[in-house]
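Let me begin by presenting the structure, written as C-alpha cells, before commenting on it.
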Amino acid sequence: MAFPVPLLLVALLLPAVRGAETPQYTTVHTESDFEVRLYRDTVWMSAPTPDIPSFHVATKLGFHRLFQYLMGANLNSSRIRMTTPVLTSVVPGAGPLHSSAYFARLYLPVKFQASPPVPLPELNLHPDRWPSHCIAVRSFSGYARDKNVVEEAEKLAMSLSMSPWANSTNYPSKNAYSIAQYSSPFRFISRVNEVWFDVNCKSTGVETY
C-alpha cells in the first residue's frame, strides 16, 4: 500500500544541506566554474519515470515515490532518514518519441548501503549500485526547471571541452547528465543545485577506490 505524502510534510522533513547525510567524495580537480569529485561506491534508490516528458514533472513524481519508500513503504516497514541530494538523471532520446527519459534517485544512508530495504512492488523502485568513479560538477542557484537544467549542462560541457578533462567525457555511462538538488522546495533563496557529468578518472591519472 502506498502512502499519501502531503507537500508540507515533505518540506518540513527535507533537511538542510549541512544536516543531511550525503555520498562521500574527494575533490581531485578544481577550476573556476566546476570541479571534479571522486565518489566512493554508493547505492541509490531509483525511480524510473519513462513516460514523463518533463524534467520538472518527472522529478516531482519520482521523488513522491521515493519519499513514500523513506516513510516505510518497504517490506521491512523501515523508516529511512532523508538524504541529499535528490538526483535526477537525464538520458536524451531514451523516452517516448525520442524524448528524454528521467530517473529520480536518492542516496541511501550508510546504515542501509549493504542491505537496502526492499520497496513495495507498486512503487516501481529499484536499487542502483554505482562503482567508485569521477564526476564533473557545476553549481547553480535558483529552482531547477526544464529550460535551465539544459543550459547548465551545456555550460559544463563547454567548460570541460576547454580543460584537461576534455577527452574524459566518453567514460561509459547510462546517463547523459544528472541534476542534483539539495534544497527544500520551500527554500526560496540561496538554493543549491549541481549538474553532474560522469568523467573518466584514469584519463587524467586519478585512481578510483
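Could you pull out the residue among 159, 184, 178 that is small (Gly, Ala, Ser), out of contact with any helix residue (DSSP H, G or I) (no Cβ under 6 Å at 6 or more places or on another chain) and either modelled with pLDDT under 90 or outside any helix (DSSP H, G or I) (or both)?
Just one listed residue meets the conditions, 178.
Name the residue that is farthest from residue 116 (Cα to Cα), counting only residues in region 16-46 that are in a strand (DSSP E or B) and open to solvent by 50 Å² or more (accessible area, probe 1.4 Å).
Going through the qualifying residues, I end up with 30.
Is there a residue in region 108-131 that is closer than 22 Å to residue 177 by Cβ and polar (S, T, N, Q)?
Within region 108-131, none of the residues are closer than 22 Å to residue 177 by Cβ and polar (S, T, N, Q).
Take the residues in region 117-162 that are open to solvent by 20 Å² or more (accessible area, probe 1.4 Å) and polar (S, T, N, Q); name whichever of them is nearest to residue 36 (Cα to Cα).
So, considering only residues that are open to solvent by 20 Å² or more (accessible area, probe 1.4 Å) and polar (S, T, N, Q), the one nearest to residue 36 (Cα to Cα) is 139.
Out of region 47-64, which residues are open to solvent by less than 20 Å² (accessible area, probe 1.4 Å) and of a type in the set (Ser, Thr, Tyr)?
49, 59, listed by residue number.
Tell me, which strands (runs of 3 or more DSSP E) wholly within region 47-134 include 2 or more residues that are touching a helix residue (DSSP H, G or I) at 6+ places or on another chain (Cβ under 8 Å), under 23 Å from residue 24 (Cβ atoms) and modelled with pLDDT of 95 or more?
86-91, 101-107
The values are calculated or read from the model by the stated rules, or taken from the named source; none is laboratory data. Since we're looking at a predicted model, the values are computed, not measured. Note that we place each Cβ from the backbone using ideal geometry, even for glycine, and neighbour counts take in every protein chain shown. Side chains included, ligands, DNA and RNA excluded: accessible areas come from the protein's heavy atoms. Shrake-Rupley method; radii C 1.70, N 1.55, O 1.52, S 1.80 Å.
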